[in-house]
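Participant: Before I ask anything, let me first share the structure, which is written out below as C-alpha cells.
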Amino acid sequence: MILERFLKYVSYDTQSDENSTTTPSTDKQMTFAKVLEQECRELFDSVILDSTGILYCQLDGDSQKDTIGLCAHMDTAAECSGANVHPRVIKEYGGSTIQLNDKISMHPDAYPKLAACIGDDLVVTDGSTLLGGDDKAGIAIILEAIEQLKASNLSHAPICVAFTVDEEIGRGADQFDLTKFPCAYAYTVDGDRIDNVEWENFNAAQAIVHIQGTAIHPGEGKGKLVNASLLAMDFAKCLPNDQTPATTCDRQGFYHLVSMQGAVEHAQLVYLLRDHDKTKFARKKLVLQQICDALNDKYGPRFSVEIKDQYYNMADFMQDKKPVEKAKAALLSLGIEPVSIPVRGGTDGARLTEMGLACPNLGTGTFHHHGVYEFASITKMEKMVEVVKTIVTQ
C-alpha cells in the first residue's frame, strides 16, 4: 500500500545542507539511500548505490520499446525541519478547517489546492515540520508502480530508476552518471498537480552579496564607524519590491532573499534569482552588479557579489517532445485532461535535459512543499501510480 510506504519514508530525516562541502551534503541522506537500496534489490534486476549517494536501478523489459527513466530525490528542503515528522491521516477530507496544532490551521478558502482535494484521503503535518512529500512521494509512487507491475506480469518497457541527493540545494545532478541511467528519455516525479506535465522551468542562480564595514568602539565612532548591517539594508532596498516571490506569479521572475547575516564589520545577503526568460534572467544578474557598483561609488569599495548559475530552463534544451506527449497520452487514457504549466522552480530534470536526456516533470499529488502546511493526497498519489504504470506499458 502506498500510504504505508509513504509514511515509512517520511519518518526519515533527509534534509540537505547547502553549507556542507561533502556529497551527499548530509550523512542522513546516505542512511535513507541504504534503506531504499535494500528495498530496490527485491524489485530490480540491477541496483547500484554509488559513493555520492545516488541510487541507480534497472528493470528489464520489452527490448522493442524505448527504455524509460524515472527519477525522484531523497533530500528535503532547508526552509523547515524534516526531523521527527508526525504525519496525520485524514480519511475522505470533507472540506472543513484542518487544525494542525493549537496555533496553526488551514482552510480551503485560504488554500485553494486543499479545496481541490475535498473527498480525498490526506496526510498532513502536526504544524511543527514539513511533511517530506517533496520528494518522498515521488519515491513512493515510483516504487509502488514497479511493485505492482511485477505482480501483474504486464509487458512494459525497460525501466531505469534513479534516486538523487541534494536536489533541494541545486546539486542533485552534479554527480549524476548517465552511463548508469541508459534510457531514451526520463521523467522526474517531483511536482504537485497530477494533471501537469511540466517541461518549462526557471533559469536559476544564487547570488551572495558581501558587505565590508569598519568596526570601532561606538563611543569613538563618529566619522569612522561604518556598519555593514546598515549597508546591507541599503542594498536590499535598491531591489524592486514588485519582483519577490510574494508579488509574482506565472512567468514572472523574482529576487528572493533567503538568508542574511550581519554584524558591524561584515554582512552577507544570499539571494535566489529566478526567471523563465533567459534575457530577463541575465538582466537580474546584471542588476545586482550595478547596485554594487552604485553603492561602491557612494560608500567606497565595500560591496561585492558572487553569482553562480544553478540550472536553466529545460525548454531551451528539450529538442524531443516525445516524453511530454507520451505522458499526456497516459493522462488522457486515465480520464485526466493534461496541462503544461511552467514550473516556478526547478528539478533534477532541468539539469538532465541540459545534459542531453529529455526529462519533463510529473506531479505527485502533494502540495504546499517546504513548510508546515505541506500535505499529501493519498488518493492522487494512487492515481499517479496508475499514470506511471501507463507510461511504461503503453
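The values are calculated or read from the model by the stated rules, or taken from the named source; none is laboratory data. What you are looking at is a predicted structure, and each value in this text was computed from that prediction instead of being measured. Cβ: placed from backbone, ideal geometry, glycine included. Neighbour counts: every protein chain shown.
Participant: Can you give me the ranges of the strands (runs of 3 or more DSSP E) entirely in region 176-263 with at least 1 residues that are of a type outside the set (S, T, N, Q) and surrounded by fewer than 18 Cβ atoms within 10 Å (Cβ to Cβ)?
Facilitator: On the way: elements: 185-189, 203-212, 254-262.
It comes to 203-212, 254-262.
Participant: Would you confirm whether any residue within region 153-167 is farther than 15 Å from GLY53 by Cα, surrounded by fewer than 21 Cβ atoms within 10 Å (Cβ to Cβ) and modelled with pLDDT under 95?
Facilitator: So far as region 153-167 goes, yes, one or more of its residues are farther than 15 Å from GLY53 by Cα, surrounded by fewer than 21 Cβ atoms within 10 Å (Cβ to Cβ) and modelled with pLDDT under 95.
Participant: What are the residues in region 370-394 that are touching a Ser or Thr at 6+ places or on another chain (Cβ under 9 Å) and either among the acidic types (Asp, Glu) or closer than 18 Å to TYR9 by Cβ (or both), if any?
Facilitator: Residues satisfying the conditions are HIS370, GLU374, PHE375, ALA376, SER377, LYS380, MET381, MET384.
Participant: Count, please, the residues in region 222-252 that happen to be of a type in the set (Gly, Ala, Ser) and more than 28 Å from GLY300 (Cβ to Cβ). Please lay out each step first, then the result.
Facilitator: First pass over region 222-252, keeping only residues of a type in the set (Gly, Ala, Ser): 223, 228-229, 232, 236, 246.
Those still in the list that are more than 28 Å from GLY300 (Cβ to Cβ) too: 246.
Qualifying residue count, region 222-252: 1.
Participant: Hey, could you check region 1-59 for residues that are more than 20 Å from the chain's Cα centre (by Cα) and assigned to a strand (DSSP E or B) and say which is surrounded by the most Cβ atoms within 10 Å (Cβ to Cβ)?
Facilitator: Out of the qualifying residues, it is CYS57.
Participant: Also, quick follow-up: All but one of (1) at pLDDT below 95; (2) among the basic types (Lys, Arg); (3) not assigned by TED's automatic domain parsing to the domain that holds ALA350 hold for ARG251; which doesn't?
Facilitator: It is condition (1) that ARG251 fails.
Participant: Can you tell me which condition PRO323 does not meet? The list is (1) in contact with a helix residue (DSSP H, G or I) (Cβ under 6 Å, 6 or more places away or on another chain); (2) over 30 Å from LEU7 (Cβ atoms); (3) buried (at least 24 other Cβ atoms within 10 Å of the Cβ), and all the others hold.
Facilitator: Going through (1) in contact with a helix residue (DSSP H, G or I) (Cβ under 6 Å, 6 or more places away or on another chain); (2) over 30 Å from LEU7 (Cβ atoms); (3) buried (at least 24 other Cβ atoms within 10 Å of the Cβ) one by one, PRO323 breaks only (1).
Participant: Tell me the residue from LYS380, LYS326 that is part of a helix (DSSP H, G or I), more than 22 Å from the chain's Cα centre (by Cα) and assigned by TED's automatic domain parsing to the domain that holds ASP174, please.
Facilitator: Working: LYS380 fails: more than 22 Å from the chain's Cα centre (by Cα).
None of the other options fit; the residue is LYS326.
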